[in-house]
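Everything on this sheet refers to the single structure shown next.
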Amino acid sequence: MQQDRDALIVGAGPAGLALAIALADAGFTATVLDAQPREALAAPAEDGRDIALTHASAATLRALGLWQRLLPEEIGCIKEARVIDGDWQDRALSFSPQGSGSDVLGWIVPNHALRRVSFAAAAERPGLQLLDSAQVLRVGTEPGRVQLDFETSPGMPRQLQGRLFVAADSRFSWSRKQLGIAADMHDFGRVMIVCRMRHDFPHGDVAYECFGYERTLAVLPAVGHVSSVVVTADAAAASQLLALPEQAFAALVERQFRSRLGRMQLLGKRFPYPLVAAYARRFVAQRSALVGDAAVGMHPVTAHGYNLGLQSVASLVHALCEARAAQQDISAAEVLAGYERAHRRDAAPIYHGTNAVARLYASTGAPQRLARQLLLRGAQHLPPLKAAITARLTGRGGLQLPGTTA
Ligand SMILES: Cc1cc2nc3c(=O)[nH]c(=O)nc-3n(C[C@H](O)[C@H](O)[C@H](O)COP(=O)(O)OP(=O)(O)OC[C@H]3O[C@@H](n4cnc5c(N)ncnc54)[C@H](O)[C@@H]3O)c2cc1C
């Protein structure tokens, strides 16, 4: 049995790996276990998701050495974002980085690329152990230690012991349940279809969110004449959209986008994601913490899930480093309570705000239409609100390891 790792992390997704790398860089020992085989973790298959990243997230990825591993053709950039309501009568709301000290609002990177570079970086860190094809059988958290029972080959049980257990195994987290932590789940009854499309005209690094009355369309600038396209519709309509032949689907997107980018052509597969949000009632338990989607699984409409996941990583690492500096036990209740407070402060407004936006834009009744128009027009003419949203995207922050400066 391996003794006393500082952290035992279940889930080698982008959040679990970012945490493991940050802990290793801060001088902690960590073991990460994932159910997937090594080949799938090292060379993740495309999943259609393109992740919009804030400045704080990009800073964290740089600090962890992940950004530097991305290929130039994997980093799209957003210089302006436009939100359009209903029938394109007017451009309701637009955001630019003006006044933020940067000429970029954020970046777009494919999820599989983030997973690939995270795994590659983690595999090179001394002090970090990666166990693939792992089926965790039991999580035991006791006052003095954490014990994990797992197997990587059927019928060959193994054990690990550590100081802190971390659940990073997705919004449907199995570990969260093992810890006895309930989560509020919200099924929106809608499905997001994501894909990449090539188009005739340049996108000019502008991201569009078009809240139509039947479905929502987001068109996010990737590299070259390629965009990441996200169509959200109720479950029945989404099934029909997925069943459409490629050309008919492309024509429908092009029509809803008013041919702004000229002819559009599907590149590769369409990937459906049923929309279910999750918010854990607690982010910590005895000697344990939740990070990433296991803590808060966001509706993707505001593109904040991974950004918030990286914030959870930064907050937890900060709490652990402070505890170590004060010669405290890193999984003492008061240390974890500090993490809980910090992450709840970050997560609550964005989670509840996002759900409210998602519900408003899923409704097609007359009062909701009016509310949408008033909201967007109001926001356009409310400089403090626009400035606050822009600051959220471009604001400094991110992970700070001991001995580094912002
Ligand atoms: C369509 C879509 C678009 C999105 N767009 C954005 C965006 O623009 N910006 C943004 O910030 N976020 C976005 N997100 C959210 C982002 O993808 C997630 O927040 C992020 O992937 C969560 O990372 P994670 O590591 O917490 O969980 P996951 O990515 O779900 O990884 C969990 C890991 O745990 C492993 N695992 C699961 N169960 C077990 C188990 N029992 N034992 C062992 N291992 C297990 C899995 O194999 C996996 O490797 C989007 C999400 C979707 C669906």
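The values are calculated or read from the model by the stated rules, or taken from the named source; none is laboratory data. Model, not experiment: these values are computed from the prediction. Positions of Cβ are generated from backbone atoms using ideal geometry, with glycine treated the same way; all protein chains shown enter the neighbour counts. Accessible surface is based on the protein model in full, side chains and every heavy atom, while ligands, DNA and RNA are left aside. Shrake-Rupley method; radii C 1.70, N 1.55, O 1.52, S 1.80 Å.
Brief remarks on what is shown
- In this label model, LYS177 and LEU267 are separated by 3.9 nm, measuring between points 7 Å along each Cα→Cβ vector.
- Cα extents of the range 109-239 along the three principal axes, largest first (Å): 59, 36, 28
- Computed over neighbours whose Cβ is under 11 Å from that of ILE330, the net charge equals 0, Lys and Arg +1, Asp and Glu -1.
- The range 165-205 and the range 110-146 have Cα centres lying 19 Å from one another.
- Of all DSSP beta bridges in the chain, antiparallel share, percent nearest 5: 70
- Pairwise FRET efficiency - THR152 versus GLN327, Cβ, R0 = 51 Å, nearest 0.05: 0.90
- Among SER312, SER102, the order of accessible area from largest down is SER102, SER312, computed with a 1.4 Å probe on protein heavy atoms.
- Contour minus Cα-Cα distance for PHE201 and ARG359 (0.36 nm per residue): 53.6 nm
- Residue-level accessible surface for VAL206, protein heavy atoms, 1.4 Å, Å²: 20
- Computed with a 1.4 Å probe over protein heavy atoms only, the accessible surface of the range 272-353 comes to 36 Å² per residue.
- Each of GLU124 and ARG145 was given a label point 7 Å from its Cα along the Cα-to-Cβ line. The distance between the two points is 3.4 nm.
- MET197 accessible area, 1.4 Å probe, all protein chains in place, Å² to nearest 10: 0
- Rolling a 1.4 Å probe across the protein heavy atoms gives the range 9-111 an accessible surface of 36 Å² per residue.
- Net length gained if the chain between GLU214 and ARG341 were fully extended (0.36 nm per residue, minus Cα distance): 41.8 nm
- 10 Å-binned pair-distance histogram of the range 254-322 (Cα, whole percent): 16, 32, 24, 16, 10, 2
- Overall, the accessible surface of the range 1-142 at a probe of 1.4 angstrom is composed of carbon and sulfur to the extent of 48 percent.
- Calculated FRET efficiency, ARG255 to ASP103, Cβ-Cβ distance, R0 = 25 Å: about 0.20 to the nearest 0.05.
- Distant-in-sequence amide H partners of LEU53 (H built 1.01 Å from N, under 5 Å): TRP107, ILE108, VAL109
- Summing charges over neighbours of ASP50, with a neighbour being any other residue whose Cβ is under 11 Å away from its Cβ, gives -1 when K and R count +1 and D and E count -1.
- The range 165-264: C-alpha gyration tensor shape, a/c 1.5 cut-off, then a/b vs b/c: prolate
- Computed over protein heavy atoms with a 1.4 Å probe, the carbon and sulfur contribution to the accessible area of the range 178-303 reaches 52%.
- Think of it as helices only: each DSSP H run of n ≥ 4 in the chain is worth -39500 (n - 2.57), and spread over all residues that comes to -11000 deg cm²/dmol at 222 nm.
- Cα gyration tensor shape of the chain, rounded if a/c is under 1.5, else prolate or oblate by comparing a/b with b/c: prolate
- DSSP-loop GluC sites (Glu not before Pro) across the range 185-262, with at most 14 other Cβ within 10 angstrom: GLU214
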